[in-house]
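Single-structure report; data block below.
Any read-out appearing in this document is the output of simple, stated calculations on the displayed coordinates, not a laboratory observation. Nothing here was measured: the structure is a model prediction, and the numbers come from that model. Using ideal geometry, Cβ is built from the backbone for each residue, glycine included, and neighbour counts are taken over all protein chains shown.
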Amino acid sequence: MTSSTKKIAFYSIAALMLGCVGSGRAQMASQAPPGKAQGPVAISALPSGTLVVLGGRGRLSLIDSTSGGITLLKDSLGYFTPADMAAVRIGDTDSIFVALYNTALRQGLLARYSLAGAQLQTWFGRTAFAGVAIDQVHQTIYLGDAVTGEISSLSMNGNSTSPSFLVEVSGVTRLGPLAADAAGQRLFAADVGGGTIYVVDLPSRKLRLLGSGMGEPAALSYDAEQQRLYVADASRHCIWQISTNSPKPKPSIFSSAPELREPRGITVDAQHTVWVADHAALAVFKLSPAGLVVQSISP
Amino acid sequence: MICAGKTRRARTVLLGLLFLSPLYPCPLFATVTLQIPDVNLPDGKVEFRPGICDPTAVPATLPQQMPQSTTSNYTVAVDLGNTTRGSYGYFIYPVYVHPNGGQGQRCAFRVQVLPSGTFIDKMQDVTFHVGEGAQLEDGLVRIPLYNFVYAKSILQGHAGDQLSPVSLSGSTTLDVTLNNTLSDLPIGLYPEVMVSPGHGSYWQGTPQAAVHIPRSNSTVLDAGQSLDGAVVLNLRPNPWHALGASIFPLAPGKAHETLTLYVSYDSPGGVPGTLEIPVAIRFSPSFWSLILSVFVGAIAGSLLAQLGKTSVDGMKWYKAFVVALLCAGIAEVLGIMLVYGGSEFRLFGFELDPYQLLPVGAIGALVGLVGFRNADDFLKLLKKQP
């Protein structure tokens, strides 16, 4: 089989599995194995106030942050395993980007969905994708590879079909979540095995340690106006904050509310409210500025 | 002495302050320590990172189903029923430590398990060190190690035949064999199997397939098990479309249609996967359809022979017709026997499939044309052309 034939076959299979082929074969997603309740693993806030929540088995839900109303977009993303998700408004359009991987195909896939749940676009990576972050100002997607520690970038302006190498976080145990600081031209990256946070200066592609001593930094969210990075620590059941404009930034606790059991997702909305997706608690928590849980929603 | 005392007090105060500082907001409950050294495998490595001791998450008793290991002072159990998968290529195993005497600190550890390499899921003896302070006790526990990336699929499958015959009319059931390549772990199968036909029009509705394990309510393939008929595929061709696809001659080894089955699975606790199984289909008419086709061909051939006045020795038309019919029937049965036995069936040097309608009609017509002449003519038909 030639490489082009292989590629076509792979694309077809992948598209089929994701249920995006308009030929009446799109039942794959609905036939996904019925699982237990899906603990949320990622959360992202849109400027409209809508929260997008990703479940551990690929369930995509929307939460109205004002009313707490839930809309189920998809119960599964086919037989691909979801890793991370980021929602963003580009121009007048809201989009959801989900990083996925498949053990059999041994390749990562980034899929873009509309807010109605329709799959709009896919990109393939050389290896499995993990963390995803989006710089909506420069319309750039950043993707991490958990095992190699490589971070790639993908421009949404051009016709890129696959991400290109940007920088390698060397010595990382497991490269986890990413967060972009568009104004500061920085990218934050967490080592979920080592409990450390790195910052990448994008113009120079230089990397430095931002914080350490955390347990399992499973999610990052950057509040650009307050220049504050929030870190969800899944193993220590708490939320850290790091003031990035400080000359010597140090992690400090933002919340260790007793409701937090395994925070795996975090986002900050336009009102600077912190929302946490807790996998073990099967809930999304709204935190007060003091770090207390003021609302709990089960997506 | 006074200085030494002050230093000690200052150190204690400092340690106390450090303990109460916001850097340790997630309380350090106890001094029980769990260490698990890395496991090196021929095709990979697994690292273990136990979190901090959490005495609030420990069950009162350790269920016997959990893999356990006992040292002099502790029992260590791994809660395999509650393992979870991290988003970034790792697993979380809850591990409980109970003091044997009932007195002392109980701990729950959230152990981060980080696989690398391409090893397939397996059971492995894992050493650990547990204890308080510097005095740690050694132990060994046998647990499954899972991976995210395999060199090859842990589940393999194939249809019973390289080319599965499917009747043009009615329904056909095909068995698919599944093989669990893991030597010491079961594989769980999801009951629904998706079927993707190459040509949807060839089928009445969507072909259906389901996992079928002989034991009731079980969808688990045991370690190393190979099971014929683990997936049952039910097919109902759309007769006219299927006939259209199969009426024109095709070499016997070629498929009229290929279906793809998607079987979803996981090793319990591991990462779900999907196995694709291509099933090559060859439509086959019923025996009576074949006989009818060969007779129609023979009649046509005889009529042509009569029109062309190719009959010899003044043989009557009806006699020539009966001879042609018989010879055609014999040729078809002979062809079926030859092909069934693994031989080729050739007519005028062309390899023909005696299971397909058009070639069978052609056999009837050719035999009808010349079948009444003599035995030599008939036998010449079957010879391979130089």
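For this structure, a couple of remarks:
- In order along region A:215-231, phi translates into HN-Hα couplings of x, 9, x, 8, 7, 10, 8, 10, 9, 5, 5, 8, 6, 10, 9, 9, 10 Hz, rounded to whole numbers, per the Karplus curve 6.51 cos²θ - 1.76 cosθ + 1.60 with θ = phi - 60° and x for Gly and Pro.
- Among B:176, B:97, a tally of other beta-carbon atoms within 10 Å of each Cβ gives an order, fewest to most, of B:176, B:97.
- Lys/Arg +1, Asp/Glu -1 at C-beta; region A:107-185 dipole; positive extreme among A:133, A:180, A:109: A:109
- At full extension, residue B:140 and residue B:222 could sit 27.0 nm farther apart than now, given 0.36 nm per residue minus the alpha carbon distance.
- The string of couplings for region B:263-276 from the Karplus curve (6.51, -1.76, 1.60, θ = phi - 60°) is 9, 9, 7, 7, 7, x, x, x, 8, x, x, 10, 9, 9 Hz, one whole number per residue in order, with x for Gly and Pro.
- Highest to lowest packing among A:114-125, B:112-123, scored as the average C-beta count within 10 Å: B:112-123, A:114-125
- Cα→Cβ-extended label distance, 7 Å offset, between residue B:100 and residue A:90, nm: 6.2
- Average other protein chain Cβ within 10 Å of Cβ, residues B:287-296: 0
- Backbone amide hydrogens, once placed in the peptide plane, bring residue B:275 within less than 5 Å of B:263, B:264, B:265, excluding anything fewer than 5 places away on its chain.
- Neighbouring partner chain Cβ atoms per residue of A:49-56, average, 10 Å criterion: 1
- Taking the helices alone, chain A has a mean residue ellipticity at 222 nm of -2000 deg cm²/dmol, built from -39,500 (n - 2.57) per DSSP H run of at least 4 residues and averaged over all its residues.
- Check: chain A dipole with +1 on Lys, Arg Cβ and -1 on Asp, Glu Cβ, in debye: 620
- Look at the stretch B:77-88: the mean tally of other chain Cβ atoms within 10 Å of its residues' Cβ atoms is 6.
- Calculated FRET efficiency, residue B:40 to residue A:67, Cβ-Cβ distance, R0 = 60 Å: about 0.65 to the nearest 0.05.
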